[in-house]
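Engineer: Dropping the structure in here first, questions after.
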Amino acid sequence: MTQAAVVVVGSCNMDLVTRAPRLPLPGETISGTSFGTYLGGKGFNQAVAARRMGASVALVACIGADDFGRQVEAAARQEGIATHGLTRSATAPTGTALILVQEGSGENSIVIVASANAQLTPERVAEQAATLRAARVLLLQLEVPIEASLQAARLARAAGATVILTPAPVQPLPDELLRLSDILVPNAVELRQLAGDEHDLATAARQLLARGVGAVVITQGARGALCVTSAGEYPVAPFAVQAVDTTAAGDAFVGALAALLAEGWPLPEALRAASAAGALAVTRMGALPSLPTRPEVEAMLAGAATARP
């Protein structure tokens with residue numbers, strides 16, 4: 001089997017997306033303006049994002065033996081993602097996500113139903129040990145059991161891979177997983193929940209560095225990102241775009257980051273390109289359709305460089 005530079009261990013979902021003028025209040029019913037189904041899940045999104053940036057990618061996930069699962073596998077193959085790490089649950093359907101998108105701002109609210117994602121066990125991950133040990137970068141999220149992520153991190157990190165963890169949906173993280181994570185990529189809300197206080201972002205990030213994380217990259221939407229390491233901190237500039245739907249913007253960012261780090265790019269340059277990928281993603285509806293290609297990211301970077309005084 002062909003080895004992949006980027007291996008993603010994570011979730012696959014079908015996203016059920018409704019657009020409305022605003023997000024409803026608790027107990028309130030409002031009228032939406034459109035509905036669509038889109039393939040998603042943080043694991044699947046990040047795998048596609050890395051692949052569209054030019055990386056060879058393998059996906060380790062659990063899907064249902066249903067039509068949604070068949071669509072996931074077909075789409076992964078169409079993107080050129082290795083699917084030998086996909087397993088099927090005999091008892092649970094493919095995961096789903098219910099997403100409400102506010103028109104105008106593109107802000108969203110999401111409810112995830114794990115279903116087959118919850119059956120990605122450490123044993124199923126261990127069956128992909130050869131793939132994990134050959135990876136240059138491993139991408140993890142928290143939409144699958146944390147024991148599965150730990151198993152993957154142990155195998156890949158021991159073989160020299162860079163481990164990138166997106167801590168979403170946020171939950172308490174064991175110190176071992178933090179020590180195995182070279183780069184943690186939370187948003188500001190997730191960072192403060194993980195740090196357990198209301199300190200400024202850099203101070204909160206340093207608390208996680210003290211627990212063993214190599215670097216913390218805080219994504220801040222239209223404000224760009226902030227990278228905090230033991231050597232200091234630096235901002236990652238945003239790109240000005242008109243937001244339509246923020247779904248999967250963080251996954252576009254992380255997938256691009258992984259692809260470029262796998263090529264040997266320095267972290268600051270890879271983060272700048274990742275910022276461009278995230279900005280492009282918010283200009284389109286849905287998760288999968290919004291993930292940009294490498295030429296699109298390169299064009300945005302070139303345009304930004306030309307616009308500098």
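The values are calculated or read from the model by the stated rules, or taken from the named source; none is laboratory data. All values derive from a computational prediction rather than experimental measurement. In this analysis, Cβ positions are derived from the backbone assuming ideal geometry, glycine residues included, and neighbour counts consider all displayed protein chains.
Engineer: From 297, 244, 254, 213, grab the single residue that is β-branched (Val, Ile, Thr) and modelled with pLDDT under 95.
Structural biologist: 244
Engineer: Let me confirm something: among 279, 262, 258, 270, which residue is among the small types (Gly, Ala, Ser), within 15 Å of the chain's Cα centre (by Cα) and under 29 Å from residue 133 (Cα atoms)?
Structural biologist: The conditions single out 258.
Engineer: How many of the residues making up segment 209-234 are surrounded by fewer than 22 Cβ atoms within 10 Å (Cβ to Cβ) and either touching a Lys or Arg at 6+ places or on another chain (Cβ under 9 Å) or closer than 24 Å to residue 177 by Cβ (or both)?
Structural biologist: Counting residues in segment 209-234 that are surrounded by fewer than 22 Cβ atoms within 10 Å (Cβ to Cβ) and either touching a Lys or Arg at 6+ places or on another chain (Cβ under 9 Å) or closer than 24 Å to residue 177 by Cβ (or both) gives 13.
Engineer: Next question, about the same structure. Across segment 33-63, what is the number of residues that are without any contact (Cβ under 8 Å) to a residue 60 or more places away in the chain and over 21 Å from the mean Cα position of the chain (by Cα)?
Structural biologist: Residues flagged as without any contact (Cβ under 8 Å) to a residue 60 or more places away in the chain and over 21 Å from the mean Cα position of the chain (by Cα) within segment 33-63 amount to 2.
Engineer: Something else now. Go through segment 88-111 and give me each residue that's touching a residue at least 40 places away in the same chain (Cβ under 8 Å), under 30 Å from residue 4 (Cα atoms) and not hydrophobic (A, V, I, L, M, F, W, C).
Structural biologist: Selection gives 94, 95, 96.
Engineer: Shifting gears a bit: Is it true that some residue in segment 189-198 is basic (Lys, Arg) and surrounded by fewer than 16 Cβ atoms within 10 Å (Cβ to Cβ)?
Structural biologist: No.
Engineer: Would you be able to say whether some residue in segment 110-124 is in contact with a Leu (Cβ under 9 Å, 6 or more places away or on another chain), surrounded by fewer than 24 Cβ atoms within 10 Å (Cβ to Cβ), at pLDDT 95 or above and within 28 Å of residue 179 (Cβ to Cβ)?
Structural biologist: Yes, the conditions are met somewhere in segment 110-124.
Engineer: Any residue at all in segment 239-257 that's assigned to a loop (DSSP other than H, G, I, E, B), polar (S, T, N, Q) and either without any contact (Cβ under 8 Å) to a residue 60 or more places away in the chain or surrounded by fewer than 23 Cβ atoms within 10 Å (Cβ to Cβ) (or both)?
Structural biologist: yes
Engineer: Residue check, residue 255 against (1) in contact with a strand residue (DSSP E or B) (Cβ under 8 Å, 6 or more places away or on another chain); (2) over 28 Å from residue 23 (Cβ atoms); (3) not β-branched (Val, Ile, Thr), all met but one. Which one?
Structural biologist: (2)
Engineer: Name the strands (runs of 3 or more DSSP E) wholly within segment 144-229 that hold at least 3 residues that are over 21 Å from residue 44 (Cα atoms)?
Structural biologist: Fully inside segment 144-229 and qualifying: 215-219, 225-229.
Engineer: Shifting gears a bit: Could you tell me which numbered condition residue 202 fails, if it satisfies all but one of (1) under 19 Å from residue 112 (Cα atoms); (2) of a type in the set (A, V, I, L, M); (3) surrounded by fewer than 18 Cβ atoms within 10 Å (Cβ to Cβ)?
Structural biologist: Going through (1) under 19 Å from residue 112 (Cα atoms); (2) of a type in the set (A, V, I, L, M); (3) surrounded by fewer than 18 Cβ atoms within 10 Å (Cβ to Cβ) one by one, residue 202 breaks only (1).
Engineer: Could you tell me whether segment 2-17 includes any residue that is out of contact with any helix residue (DSSP H, G or I) (no Cβ under 9 Å at 6 or more places or on another chain), closer than 20 Å to residue 127 by Cβ and touching a residue at least 60 places away in the same chain (Cβ under 8 Å)?
Structural biologist: There is at least one residue in segment 2-17 that is out of contact with any helix residue (DSSP H, G or I) (no Cβ under 9 Å at 6 or more places or on another chain), closer than 20 Å to residue 127 by Cβ and touching a residue at least 60 places away in the same chain (Cβ under 8 Å).
Engineer: Looking at this structure, is residue 184 buried (at least 19 other Cβ atoms within 10 Å of the Cβ), over 17 Å from the mean Cα position of the chain (by Cα) and farther than 30 Å from residue 103 by Cβ?
Structural biologist: Against the criterion (buried (at least 19 other Cβ atoms within 10 Å of the Cβ), over 17 Å from the mean Cα position of the chain (by Cα) and farther than 30 Å from residue 103 by Cβ), residue 184 does not qualify.
Engineer: Looking at segment 130-137, is at least one residue within 19 Å of residue 55 (Cα to Cα) and hydroxyl-bearing (Ser, Thr, Tyr)?
Structural biologist: yes
Engineer: Right, next: Could you list, in sequence order, the residues of segment 64-85 that are surrounded by fewer than 23 Cβ atoms within 10 Å (Cβ to Cβ), of a type in the set (A, V, I, L, M) and either touching a residue at least 40 places away in the same chain (Cβ under 8 Å) or on the phi > 0 side of the Ramachandran plot (or both)?
Structural biologist: 75, 82
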